[in-house]
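In what follows, a single structure is set out as structure tokens and then discussed.
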Amino acid sequence: MGDLLSLFINSVFIGNILLAYFLGICSFIAVSKTIETATGLGFAVVFVLTVTSPVNWLIYHGLLAPGALAWAGYPGLDLSFLKFITFIAVIAAIVQAVEMVIDRYSPLLYASLGVFLPLIAVNCAILGTSLFMVERNHTFIESVVFGAGSGTGWMLAIVSMAAIRKKVRYADVPAGLDGFGFVMIIAGLMAMTFMMFSGITL
Amino acid sequence: MNPIKKIFELLEYDFSDAGKFAKLGPLFDATKTFFFLPSPKNKMGPFIRDHLDLKRYMSFVIISLLPVLFFGMYNTGYQSGLARGETLEFWASFLSGAWVVMPIIIVSYGVGFFWEILFAAIRRHPISEGFLVTGLLFPLTLPPTIPLWQVALGISFGVVIGKEIFGGTGRNILNPALTARAFVFFSYPVTMSGNVWVAGADAVDGITGATALAVNAEGGTSLFSTLSDQGFSLSNLFFGFVPGSIGETSALCCLIGAVFLMVTRIGNYRIILGGIAGLIITAILFYFLPGTKGTWADAGPLYHLCAGGFLFGISFMATDPVSAPGTNPGRWIFGFLIGFLTVILRVANPAFAEGVMLAILFMNVFAPLLDHLVMKHRISKRIPNV
């Protein structure tokens with residue numbers, strides 16, 4: 001239990017998927033204009049990550065990993081080179097399913113998320129989490145916690161970015177930097193403050 | 001007529017929009033308001049209660065920093081004397097310390113004002129007094145042995161990226177002085193962390209040793225006896241006769257500054273008290289954690305309060321009105337979490353012995369979010385308007 005808790009804290013703060021590994025920057029920059037949409041997208045990412053990470057774990061360790069197909073009579077088979085395309089397909093499928101469920105049961109949230117919900121499918125944080133999960137040899141339970149933790153860290157970063165962008169709405173930015181350049185500088189400053197956790201081992 | 005006023009009136013046309021030095025207009029304005037009150041005054045009501053403008057606000061912070069500054073100069077000289085094996089008397093310590101500290105401050109002010117004036121001239125905004133504080137706070141957080149070019153580089157980053165990109169004082173999200181220090185800290189860790197810095201200990205290179213926060217007792221002895229063996233007794237830490245960054249060593253001087261800021265209501269007492277409460281509660285929790293004997297987890301609240309730069313940071317850095325939250329509950333939470341994170345970093349992070357700088361910057365990032373949550377909570381408490 002303590003291990004799982006430290007894995008969760010580790011993936012939220014120390015190895016923040018956004019500000020320590022710089023994954024998922026595109027939607028982080030594009031959707032952080034208002035706090036409400038940022039929170040909505042954050043929850044969607046948490047949900048999708050918590051689901052895709054264990055599903056990809058099952059697929060990888062059940063079908064793709066070296067020797068995983070021993071039960072079907074192919075103990076020497078190594079399909080792990082297929083993991084990229086498989087993971088992306090799984091993510092896209094799950095995002096589609098989530099989209100349909102939200103559309104059916106909460107049209108309001110569906111309308112406010114708009115185009116950003118399908119865009120989660122191409123959010124690199126999602127694929128990155130699945131790949132990290134394989135690389136670090138997590139167990140099944142750990143993959144669930146790792147997915148939830150990465151999603152929470154991503155949501156924390158995008159919500160605080162949205163709050164900062166609300167605060168700097170009246171900032172007098174030099175003309176050439178206005179817009180995304182300015183947001184990238186804020187993101188860099190945020191990443192610098194998140195470096196305070198680098199070096200902590202849990 | 002006042003001769004200084006005469007000079008200003010003589011030059012006024014040249015620096016106005018039609019004059020030949022129009023670009024340097026902001027510099028002229030800043031110098032003039034330094035000597036004289038701005039002339040446009042309200043002749044009729046409504047009147048404001050108190051003439052607390054940005055200039056007075058910032059000069060009060062400078063006043064509150066004076067004890068820390070003078071003690072820092074004295075202690076720098078005193079420590080370098082100790083390292084050479086001689087105990088200097090008061091004035092000798094002070095002068096030799098000032099000889100080390102003054103160049104750092106001059107470089108910080110000089111380079112910082114260069115950027116400030118450049119941006120003010122090109123972007124046509126007035127020069128802000130905020131830099132007077134930033135330019136003094138930054139050197140006080142540095143070790144006395146820092147190379148001057150690193151001071152120049154750090155303050156450039158702090159002023160340009162930390163503040164001027166955002167459009168100047170009042171619009172930044174992080175404390176510019178801390179941004180500058182964090183930049184130097186991460187870029188040149190060799191000169192900034194790990195060891196104690198004593199200026200001029202040797203003609204060739206300074207002596208090095210562990211800072212108080214990097215000391216760990218070995219072999220079952222208590223942390224306190226190990227600390228006092230190395231000169232870090234609680235009274236030394238409180239009064240500040242220990243090596244360290246220029247301004248941070250004396251808890252007493254920081255407290256004097258903090259009380260001054262709280263009494264004049266320049267620094268918000270909620271942040272300072274919240275921070276001290278957060279530090280004390282977290283330190284007590286760690287104190288009762290088993291199996292930590294001899295490390296800083298075992299140190300207890302008094303040592304955590306007096307060692308390192310916590311009091312300096314919470315009094316002068318965290319109370320920056322721009323980068324701190326604007327709502328009162330937000331300020332309590334902000335301060336409390338700074339104290340909490342400081343202890344967590346000191347105890348759990350072997351990479352950085354001191355955590356208060358990064359804790360404040362980290363909470364600066366979350367200050368707008370705290371404000372948002374507080375306001376949302378308030379709105380939800382309203383009686384529905386139907």
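The values are calculated or read from the model by the stated rules, or taken from the named source; none is laboratory data. Keep in mind that this is a model prediction, so the values were computed, not measured. In this analysis, Cβ positions are derived from the backbone assuming ideal geometry, glycine residues included, and neighbour counts consider all displayed protein chains.
Just a few scattered comments:
- All conditions in (1) on the phi > 0 side of the Ramachandran plot; (2) at pLDDT 90 or above; (3) not charged (D, E, K, R) hold for A:GLY188, with the sole exception of (1).
- Taking each residue of region B:117-137 that is more than 21 Å from B:ILE104 (Cα to Cα) and looking for partners that are modelled with pLDDT of 85 or more and surrounded by fewer than 18 Cβ atoms within 10 Å (Cβ to Cβ) with beta-carbon atoms closer than 7 Å, six or more apart or interchain, yields B:ILE127/B:ILE117.
- Selection from region B:142-171 of residues that are in a loop (DSSP other than H, G, I, E, B) and modelled with pLDDT of 90 or more: B:ILE161, B:GLY162, B:LYS163
- For region B:284-323, filtered to residues that are at positive phi and part of a loop (DSSP other than H, G, I, E, B), the residue that is nearest to the chain's Cα centre (by Cα) is B:GLY308.
- Residues of region B:234-265 that are aliphatic (A, V, I, L, M) and within 21 Å of B:GLY335 (Cα to Cα): B:ALA251, B:LEU252, B:LEU255, B:ILE256, B:ALA258, B:VAL259, B:LEU261, B:MET262, B:VAL263.
- Test: residue in region B:76-94 that is within 19 Å of the chain's Cα centre (by Cα), crowded, with 20+ Cβ neighbours inside 10 Å and part of a helix (DSSP H, G or I): yes
- Residue match in region B:320-340 (condition: among the polar types (S, T, N, Q) and either crowded, with 24+ Cβ neighbours inside 10 Å or away from chain A (no Cβ under 14 Å) (or both)): yes
- Among the residues making up region A:146-175, those that are among the charged types (D, E, K, R) and facing chain B (nearest Cβ under 7 Å) are A:LYS166, A:LYS167, A:ASP172.
- In region B:341-386, of all residues being charged (D, E, K, R) and within 11 Å of chain A (Cβ to nearest Cβ), the one that is surrounded by the fewest Cβ atoms within 10 Å (Cβ to Cβ) corresponds to B:LYS376.
Okay, residues lined up against (1) within 14 Å of chain A (Cβ to nearest Cβ); (2) within 18 Å of B:TYR188 (Cβ to Cβ):
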residue: B:VAL107; (1), (2): no, yes
residue: B:VAL111; (1), (2): no, yes
residue: B:PHE114; (1), (2): no, no
residue: B:PHE119; (1), (2): yes, no
residue: B:GLU129; (1), (2): no, no
residue: B:PHE157; (1), (2): yes, yes
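- When the residues of region A:189-202 are filtered to those that are assigned to a helix (DSSP H, G or I) and at the interface with chain B (Cβ under 8 Å from one of its Cβ atoms), the one that is surrounded by the most Cβ atoms within 10 Å (Cβ to Cβ) is A:PHE197.
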